[in-house]
Amino acid sequence: MQVTLPDGKALELPDGATGLDAARAIGPKLAEQAVLVRADGRVQDLRLPLADGEPIQILTTRDKDDPDALYVLRHSSAHLLAEAVRRLYPGVKVAIGPPIENGFYYDFDFPEPITEADLEKIEAEVKREISDGREWSREEISRDDARTRFEAEQEPYKVELVDTAQGDISLYTQGDFTDLCRGPHLQNAKPIKAFKLTGLAGAYWRGDEHNKQLTRIYGTAFYTQDDLDAYLARLEEARRRDHRRLGVQLDLFHLSEHSPGSPFWHPKGMVIWNTLEELRKRENRRRGYVEVKTPLLYDEQTYETSGHLANYEDNIFWVQSHEQHDRRFALKPMNCPGHMILFGSQLRSYRELPFRFAESSTLHRDEITGALHGLLRVKHITQDDAHIFCSREQIEEEIFGCLDFAYYLYELFDLEARFELSTRPEKRVGTDEEWDFTEGALRSALERRGIEYVVNEGDGAFYGPKIDLHMTDVLGRSWQMGTIQLDAQMPQRFGLTFMGADNEEHVPYVIHRALLGSLERFIGILTEHYGGAFPFWIAPVQVRILPVGEDHREAAHDLAARLVPYRVEVDDSAETVGKRIRNSEIEKIPFTVVYGDAESDDSLAVRERGGGQSNPSLSEFRDRLATLLPWQAGAEPSLTS
RNA sequence: GCCGGAGUAGCUCAGCUGGUAGAGCGCGUCCCUUGUAAGGACGAUGUCGUGGGUUCGAGUCCCACCUCCGGCUCCA
């Protein structure tokens with residue numbers, strides 16, 4: 001047989017030759033450094049036979065940044081971890097240990113709980129394994145043999161995995177540890193030049209909270225120590241951009257034990273908040289939305305009708321009325337019931353459709369404590385919410401409108417969201433036919449707009465499927481931002497109808513949509529996205545003026561007055577100019593203007609955030625600032641129907 | 001909610017095996033009168049998360065709770 005190498009040359013090999021055989025045929029050095037083979041695009045263990053005629057690429061320790069090469073390194077590292085843990089903690093049961101982005105983990109069932117102090121000991125044991133030398137061997141066995149083997153080793157989790165595994169069963173052995181594993185793995189542990197355990201956490205077996213909680217040990221590994229150091233430095237850098245840290249540093253907001261999960265917005269944070277609110281109102285108006293306001297409190301019956309009571313009772317804040325002891329009220333966790341009631345309060349005609357009711361009001365959700373996270377997961381939520389009531393025929397155009405609107409908003413902030421289509425969950429209302437229709441409508445809208453998306457099976461709302469926009473935070477976690485949901489259920493449950501052209505009553509469809517998502521979360525993501533250096537139009541303080549000496553104070557305040565309506569501050573504190581510039585930089589203010597004897601309306605000393613300097617006249621400076629406002633630059637939707 | 005960790009001045013943190021608290025930044029007063037990332041002197045910081053307990057004595061040890069952090073689960 002023969003295979004093709006990356007340079008196009010053909011390599012003759014005996015039938016059944018493996019990737020390692022191919023590497024040996026090319027050279028002993030290559031064979032020694034090989035970590036896996038990419039054969040016809042798929043990643044394959046070096047020990048497995050190649051197929052005749054396929055193109056192959058041998059990855060070696062030199063491909064230290066290749067994601068597949070790192071995956072193998074980390075996967076093998078996870079096995080070393082399991083070996084070490086089994087040696088150090090007799091009686092421990094091993095579960096699963098896959099590579100993940102930036103590292104790997106392994107789940108264990110320890111007889112006695114361990115703490116972070118144990119990690120040091122375990123890490124030392126793994127490093128000993130690496131320096132002692134470990135080689136991996138691979139074997140394929142029958143399902144029954146595998147079950148017998150893991151039963152004999154008293155590894156119940158492995159037995160369960162054998163019973164549910166798809167396809168052939170393969171085992172990998174290194175040292176005195178054999179693991180059920182699809183591979184691929186390294187030849188030996190030599191390429192693991194840097195190994196570090198990074199964390200300890202509980203994790204449910206098979207990700208189900210009804211199952212036993214196991215102990216998960218996280219770690220990472222690299223082909224060089226420098227790469228590990230660089231990774232740790234990147235983590236440290238990321239922490240500097242964390243919105244929780246920047247929020248305090250830049251005096252945007254704080255969180256308090258007095259009201260867990262509910263941010264206290266400081267004046268500077270409110271500038272950002274209000275800027276987003278203005279954007280929301282302005283763009284909604286442009287797109288035919290009308291602003292409404294519905295109550296914060298509803299009686300229990302409302303949520304019985306909507307179906308939320310059955311699904312979310314534990315996450316709703318209940319309020320007791322002083323007089324009506326037998327009638328519970330709840331702080332609204334979402335706006336839809338209010339908008340349903342509003343729609344249903346009058347006779348509606350098809351001529352009026354679509355109704356686009358917009359509302360940004362406060363929602364409360366009693367999230368479990370472990371879920372709270374800075375601004376990204378809060379109990380006090382403010383959505384840029386809207387509900388579009390439309391006929392079946394209007395659905396597609398309305399979804400397009402939402403998608404275009406979303407694109408407009410995210411481009412404005414230079415954000416790139418990932419789109420997900422979340423389909424019918426197990427616990428849901430409505431018929432399969434209705435779900436077929438609503439899911440199909442969202443899918444086709446995405447496809448007709450040419451939007452790339454991933455399907456998130458079973459993650460829809462109980463009343464309908466949704467298109468979700470996701471963003472990643474500075475720690476690599478994914479958060480749902482905007483959402484566009486198509487709902488055939490809620491209008492039925494609230495008995496909503498409109499009069500059609502046929503003089504018959506019809507039930508409207510509803511599109512629930514929030515595009516920024518929650519303002520809290522959006523500001524959190526924005527803060528991290530910009531690293532606190534907000535663009536001019538969002539920056540809480542846009543211009544700071546520094547009078548050089550006492551004699552220049554009056555002129556500085558005068559200049560500030562002439563820069564209205566921009567957000568201008570004068571820093572006339574008794575600090576040196578150098579110190580005040582430093583403060584201005586630390587506060588990430590876009591423009592700092594030093595004003596002294598040398599300055600006049602004809603020539604200002606303007607410093608841009610980061611250090612650039614220029615000497616525009618006052619009118620030139622004003623013109624410059626005006627170009628930095630997106631609405632005056634006349635931004636139009638980039639995708640129009 | 002679950003596993004692990006943490007909570008000391010406004011912020012970042014130190015405080016060894018129990019003897020009633022410190023640093024830097026920030027803040028205040030004063031001096032300096034400033035030219036593109038830290039001028040100087042002096043001064044005040046505080047229920048050591050909360051409540052119990054052990055002890056002659058608890059920031060330090062024990063218990064409960066609250067909040068936060070890293071994960072897991074959840075997220076209308």
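The values are calculated or read from the model by the stated rules, or taken from the named source; none is laboratory data. The shown structure was predicted, so the numbers you read here are calculated from the model rather than taken from an experiment. Every residue, glycine as well, gets a Cβ built from its backbone with ideal geometry; the counts of neighbours run over all protein chains shown. SASA here: full protein model, heavy atoms, side chains in, ligands and nucleic acids out. Shrake-Rupley method; radii C 1.70, N 1.55, O 1.52, S 1.80 Å.
List of remarks:
- Residues in the stretch A:244-285 that are open to solvent by 80 Å² or more (accessible area, probe 1.4 Å) and more than 13 Å from RNA strand B (Cβ to nearest atom): A:P267, A:E278, A:K281, A:R285.
- Screening A:D551, A:D572 for residues that are crowded, with 16+ Cβ neighbours inside 10 Å, of a type in the set (D, E) and modelled with pLDDT under 95 leaves exactly one candidate, A:D572.
- Subset of the stretch A:416-448 that is closer than 30 Å to A:P630 by Cα and open to solvent by less than 10 Å² (accessible area, probe 1.4 Å) - its residue that is farthest from the chain's Cα centre (by Cα): A:A445
- Meets criteria (within 9 Å of RNA strand B (Cβ to nearest atom) and not hydrophobic (A, V, I, L, M, F, W, C)) for A:Y223: no
- Residues that are free of Cβ contacts under 8 Å to residues at least 24 places away in the same chain number at least 2 in none of the strands (runs of 3 or more DSSP E) confined to the stretch A:336-423.
Every residue, every condition in (1) of a type in the set (A, V, I, L, M); (2) at pLDDT 95 or above; (3) in a helix (DSSP H, G or I), yes or no:
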residue	(1), (2), (3)
A:E236	no, no, yes
A:R239	no, no, yes
A:E257	no, no, no
A:K268	no, yes, yes
A:V271	yes, yes, yes
A:N274	no, yes, yes
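- Considered as a group, the residues in the stretch A:589-609 that are assigned to a loop (DSSP other than H, G, I, E, B) and near RNA strand B (Cβ under 6 Å from one of its atoms) include one that is surrounded by the most Cβ atoms within 10 Å (Cβ to Cβ), and that residue is A:E599.
Table: residues versus (1) within 7 Å of RNA strand B (Cβ to nearest atom); (2) of a type in the set (A, V, I, L, M); (3) more than 26 Å from A:G247 (Cβ to Cβ); (4) at pLDDT 95 or above.
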site	(1), (2), (3), (4)
A:P547	no, no, yes, yes
A:A561	no, yes, yes, yes
A:P616	no, no, yes, yes
A:T627	no, no, yes, no
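- Scanning the stretch A:290-299 turns up no residue that is more than 10 Å from RNA strand B (Cβ to nearest atom), basic (K, R) and open to solvent by less than 70 Å² (accessible area, probe 1.4 Å).
- When A:A78 is tested against (1) more than 16 Å from RNA strand B (Cβ to nearest atom); (2) under 30 Å from the mean Cα position of the chain (by Cα), only condition (1) is not met.
- Residue check, A:T115 open to solvent by 20 Å² or more (accessible area, probe 1.4 Å) and either more than 18 Å from A:I192 (Cβ to Cβ) or away from RNA strand B (no atom under 16 Å from the Cβ) (or both): yes
- One residue alone among A:L214, A:L200, A:L232 is open to solvent by less than 80 Å² (accessible area, probe 1.4 Å), at pLDDT below 95 and within 12 Å of RNA strand B (Cβ to nearest atom), and that residue is A:L200.
- Residue count for the stretch A:456-488, restricted to those that are in contact with a Leu (Cβ under 9 Å, 6 or more places away or on another chain), farther than 11 Å from A:R418 by Cα and part of a strand (DSSP E or B): 7.
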